[in-house]
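A short worksheet on the structure shown next.
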Amino acid sequence: MPEYPQDTRQTPRVSSNQQHPAALAQNVAERIVQSINQVIIGKRNEVRLTVLGLLSQGHILIEDIPGVGKTMLAKAIARTIGCTFSRIQFTPDMLPSDITGVSLFNQKTREFEFRAGPIMAQIVLADEINRATPKTQAALLEAMEERQITVDGVTYAMEEPFIILATQNPIEYEGTFPLPEAQLDRFMMRIQLGYPSPAEELTVLSAQQYDHPINNIRQAISVQELMAAQQAIRQVYVADEIKQYIINLANASRQHPDVYLGSSPRGSLALFRTSQARAAMAGRDYVIPDDVKALAEATLSHRIIVGPAARIKDITARTIVQDVLASTPIPGASAWQ
């Protein structure tokens, strides 16, 4: 996955009404990244991708083996922003009401009262989401797309910001239920953390000798600052040529000979929105083709279903995205000189 360029510039902390929208988003993003990097060692690019998804108001699927920091990443985000945090451990015997909540009859008031489930938080960690049955997984669909839940015919809105970070183990399949296409499509991005290097792992051991770094995380930004940054990235300019480039990439994924099902229009929108966020995090108020190319794999690959014949040849969705990027013409360089 392409690395973000190192940015040595120091963004001054000034009030939001004095900052350009891109500068505001960059300031907020850098403060979040610096805070999370105290806990997640050596994963600068992955942390920036996660923050990028946060700014884009999208849900994130973290697909990796156990023990590489997926849960700590979600906790660090919640503490950095000062949001309410909830962790849902998915199991095969879990029911939809265990997630959304239930309506209970109060004998004193003679009325039904709603007891909110763990989904009613701002940062929700859906741990090992593929261990729950499809019926339970489906309880998240309305919350993820419409940011609301319906229990016994009554609709309850989620508190903003509302982000789901789901994890799943791609290695162990026994006792798991693969996420259906409709569920995968609601995740804006899919990322992997991977193993740390030996030097980074040594740093992790030293950092946790006496106490876990997560206990030292302090709130770096307010919820209001985050929401202001989320609105600011929507003002980042995207030229018509860039929009067409995004559409061409999505169409190429649908027409690829090794693909059974290509990216949906929701995938195009995810690539569009995250490209705006990446430009803002770089301090720009306009999107360039490199923003789109850097995020195509994270936003499109989990929406692509590889055909049976291609799977036999070990062709993956990531391979197809790279092929699509290589074969799709990039908007003319003259426009960016």
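A short reminder: the numbers here are calculations on the coordinates, not readings from a lab. What you see is a predicted model; the values in this text were computed from it and never measured. Don't worry about glycine lacking a Cβ; one is built from the backbone with ideal geometry, like all the others, and counts go over all protein chains shown.
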_Against the rule of thumb 2.2 N^0.38 Å, how large the Cα Rg of region 237-337 comes out_ = 1.09
*GluC sites (Glu not before Pro) restricted to region 124-187 and DSSP loop, no more than 13 other C-beta within 10 Å*: GLU159, GLU172, GLU174
*Express the relative contact order of the chain as a whole percentage, based on alpha carbon pairs under 8 Å and six or more residues apart in sequence.*
23
*In the structure displayed, which of LYS75/LYS135; LYS75/LYS108; LYS70/LYS293; LYS108/LYS135; LYS293/LYS313 lie more than 30 Å apart, Cα to Cα?*
LYS75/LYS108; LYS108/LYS135
*To the nearest Å, what is the center-to-center distance of region 265-283 and region 163-224, using C-alpha atoms only?*
21
_Need one number: convex hull volume per residue for region 121-192, Cα atoms only, in Å³._
96
*Only one of the values (1) 76, 57, 32; (2) 108, 58, 30; (3) 73, 54, 43 was calculated from this structure for Cα extents along the principal axes in Å; name its label.*
(3)
*With +1 on each Lys and Arg Cβ and -1 on each Asp and Glu Cβ, how big is the dipole of region 7-235 about its Cα centre, in debye rounded to the nearest 20?*
720
